[in-house]
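**Student:** The structure under discussion is supplied below as structure tokens; questions concerning it will follow.
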Amino acid sequence: MEMTPETIRALLDAFERSDWREMVVEVGEDRLHVSRDPLPAEAAALAPQAPSSPTAARFDGAPAASAGGDAVGGTTPEEASATAGGGGSPAATGPAAGAALATGTRIESPSVGLFWRAPSPGAPPFVELGGRVAAGETVAIVEVMKLMNHVASPVDGVVTAILVENGEAVEFGQPIVVVDPEG
């Protein structure tokens with residue numbers, strides 16, 4: 001077996017359908033570790049803590065800690081590799097925006113990967129802060145080894161927070177967008 005994007009997708013699908021708490025797969029030098037459990041206290045200081053459920057949940061507090069890093073505004077994976085820095089809109093994304101308006105249903109990352117707001121370089125973002133979104137509509141992409149996973153909103157509503165900067169690494173279960181169904 002080789003750790004191809006298809007293999008990783010199949011492993012993640014199997015994990016999501018299972019009642020397993022944790023899965024570790026090692027093939028050669030590659031290692032995939034997925035867990036539904038929060039990180040231990042000593043590891044939590046080093047990485048963002050993922051909630052125990054990968055499903056959307058009611059969000060009534062400040063956003064989860066993020067790994068940090070520079071925003072790469074309005075770019076996708078290809079542009080981010082070619083450009084350093086960027087012109088992101090700090091008022092519309094990131095933890096600061098989430099702290100100010102974080103009410104609603106949080107949408108969590110389906111896997112470890114890179115968070116992208118737009119479908120391709122130069123394209124407009126899927127959603128904007130304050131914009132309306134329909135249930136099933138794509139709000140972001142999480143990239144895992146060049147495999148693009150579309151993340152859909154579970155509810156109709158208004159985007160009240162975008163908790164992750166474009167191009168930032170995300171963890172499985174990490175809140176990435178908040179949608180208020182009552183907005």
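The values are calculated or read from the model by the stated rules, or taken from the named source; none is laboratory data. This is a predicted model, so every value here is computed, not measured. Methodologically, a virtual Cβ is constructed for each residue, glycine included, from the backbone with ideal geometry; neighbour enumeration extends over all protein chains shown.
**Student:** Of all residues in segment 116-167 being on the phi < 0 side of the Ramachandran plot and of a type in the set (Lys, Arg), which is nearest to the chain's Cα centre (by Cα)?
**Tutor:** This residue is Arg117.
**Student:** Any idea which of (1) touching a Pro at 6+ places or on another chain (Cβ under 7 Å); (2) of a type outside the set (Phe, Trp, Tyr); (3) in contact (Cβ under 8 Å) with a residue 40 or more places away in the chain is the one Val139 doesn't satisfy?
**Tutor:** Failing condition for Val139: (1).
**Student:** With the requirement that a residue be within 25 Å of Ala152 (Cβ to Cβ), at pLDDT 80 or above and either in contact with a Phe, Trp or Tyr (Cβ under 7 Å, 6 or more places away or on another chain) or part of a loop (DSSP other than H, G, I, E, B) (or both), what does segment 22-60 give you?
**Tutor:** Selection gives Met23, Val34.
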